[in-house]
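Read through the structure below, which is laid out as structure tokens, and then see the notes.
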Ligand SMILES: [Zn+2]
């Protein structure tokens, strides 16, 4: 009874993070996400604005900080 479809499992291997897509939505405002923060408890995704807004708070505890805001241009 295992469903492998779109599980949110994060393999804690910081070199193998999948790229963010249009389906990834900011956990705060629902805009397209460009930043993924991998924490010990799971991952969060943020738009460029909220990623920046939470960076000071989350970066120190993040296992990985994936920033794709360069895609915004
Ligand atoms: Zn946002």
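The values are calculated or read from the model by the stated rules, or taken from the named source; none is laboratory data. All of these numbers come straight from a predicted model, not from anything done at the bench. Here the Cβ is made from the backbone with ideal geometry for all residues, glycine too, and neighbour counts use every protein chain on show.
For residue 16, the criteria (1) at negative phi; (2) modelled with pLDDT of 95 or more hold in every case but one, which is (2). Among the residues of region 36-73, those that are in contact with a helix residue (DSSP H, G or I) (Cβ under 9 Å, 6 or more places away or on another chain), within 13 Å of the ligand (Cβ to nearest atom) and assigned to a helix (DSSP H, G or I) comprise 48, 51, 52, 69, 72.
The set of residues from region 55-73 being surrounded by 11 or more Cβ atoms within 10 Å (Cβ to Cβ), more than 10 Å from the chain's Cα centre (by Cα) and touching a residue at least 24 places away in the same chain (Cβ under 8 Å) comprises 62, 63, 69, 71. Within region 21-42, the set of residues being buried (at least 17 other Cβ atoms within 10 Å of the Cβ) and in contact with a strand residue (DSSP E or B) (Cβ under 6 Å, 6 or more places away or on another chain) comprises 24, 26, 33, 35, 36, 37, 38. Total residues in region 18-35 satisfying the condition of being part of a loop (DSSP other than H, G, I, E, B) and touching a helix residue (DSSP H, G or I) at 6+ places or on another chain (Cβ under 7 Å): the figure is 4.
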